[in-house]
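*Asks:* Take this structure first; my questions come after.
The values are calculated or read from the model by the stated rules, or taken from the named source; none is laboratory data. Please read all numbers here as calculations on a predicted model, not as lab measurements. Because the Cβ atoms are built from the backbone with ideal geometry, glycine has one as well, and the counts that use them run over all protein chains shown.
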């Protein structure tokens, strides 16, 4: 399987350029193993960081498409590094890698702006699919983490209910997103165009005060509009 970026405005030599990655993990063996496997899948590893501070500095310097970010690192943890990278290089996508589904940390990672969340025992193909998903604007969420993250955020915000309500069609769109459907899949199931799906999502983000699909789904779950199976 060769993971290649399907939409990219940058000049391509003999084809579409590979997705550029920054690996941030304090374990050298893990970084080396990830690098070899991801390069074999067709990705380009442009930098490696041993701690959160290095990750922030390197992200600003090389501006990768995606950062694979360990949650627990010395000097600066992955959540704070994510927050700083999002401030300095907002176009860079970030996927968190964690050993354990710590609910507090995962909820903070969402708020810091991470675009994906995976447990480290996932397969390299799952990581590759997650990288492609975030670059295409989707949210990459490990099924093992979904329930614990949603439950924790729901508990923390149980006394705060948004006043704005989305339309029935927007509910249908958001439920399909919560079920893991991509934009083309939502369009196909609802017999509407992809542009219409994107318009609905833009409206949903505004009404729910959400930055992306993950936040919109979390907000809708708290409101009881959608459910996670």
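*Asks:* In contact with a helix residue (DSSP H, G or I) (Cβ under 7 Å, 6 or more places away or on another chain), over 19 Å from residue 111 (Cβ atoms) and surrounded by fewer than 19 Cβ atoms within 10 Å (Cβ to Cβ): is that true of residue 60 in this structure?
*Replies:* So residue 60 passes the test.
*Asks:* Would you be able to tell me the number of residues in the range 170-202 that are loosely packed, with under 15 Cβ neighbours inside 10 Å and under 15 Å from residue 219 (Cα atoms)?
*Replies:* Looking only at that region, the number is 1.
*Asks:* Which condition number does residue 159 fail, the rest of (1) farther than 17 Å from residue 215 by Cβ; (2) modelled with pLDDT of 85 or more; (3) part of a loop (DSSP other than H, G, I, E, B) being met?
*Replies:* (2)
*Asks:* Among the numbered conditions (1) part of a strand (DSSP E or B); (2) more than 14 Å from residue 25 (Cβ to Cβ), tell me where residue 48 comes up short.
*Replies:* For residue 48, the failing item is (2).
*Asks:* Among the candidates 86, 120, single out the residue that is in the same structural domain as residue 60 (by TED's automatic domain parsing) and either surrounded by fewer than 18 Cβ atoms within 10 Å (Cβ to Cβ) or without any contact (Cβ under 8 Å) to a residue 24 or more places away in the chain (or both).
*Replies:* Only one candidate qualifies: 120.
*Asks:* Which residues, counting only those in the range 72-116, are in a strand (DSSP E or B) and farther than 21 Å from residue 217 by Cα?
*Replies:* 98
*Asks:* Restricting to the range 210-229, name every residue that is modelled with pLDDT under 85, part of a loop (DSSP other than H, G, I, E, B) and farther than 17 Å from residue 168 by Cβ.
*Replies:* Result: 228, 229.
*Asks:* Residues to consider are 132, 152; find the one that is modelled with pLDDT of 80 or more and not in a loop (DSSP other than H, G, I, E, B).
*Replies:* After ruling out the rest, the residue left standing is 132.
*Asks:* May I ask you to list the residues in the range 31-49 that are touching a strand residue (DSSP E or B) at 6+ places or on another chain (Cβ under 8 Å) and surrounded by 15 or more Cβ atoms within 10 Å (Cβ to Cβ)?
*Replies:* The answer is 31, 34, 35, 38, 43, 45, 46, 47, 48, 49.
*Asks:* Then there's this: Run residue 120 past the list (1) farther than 22 Å from residue 69 by Cβ; (2) at pLDDT below 90 and report the number of the one that doesn't hold.
*Replies:* (1)
*Asks:* Let me ask something else. Considering (1) out of contact with any strand residue (DSSP E or B) (no Cβ under 6 Å at 6 or more places or on another chain); (2) modelled with pLDDT of 85 or more; (3) over 25 Å from residue 197 (Cβ atoms), say which one residue 78 fails and leave the rest.
*Replies:* With (1) out of contact with any strand residue (DSSP E or B) (no Cβ under 6 Å at 6 or more places or on another chain); (2) modelled with pLDDT of 85 or more; (3) over 25 Å from residue 197 (Cβ atoms) applied to residue 78, the lone miss is (1).
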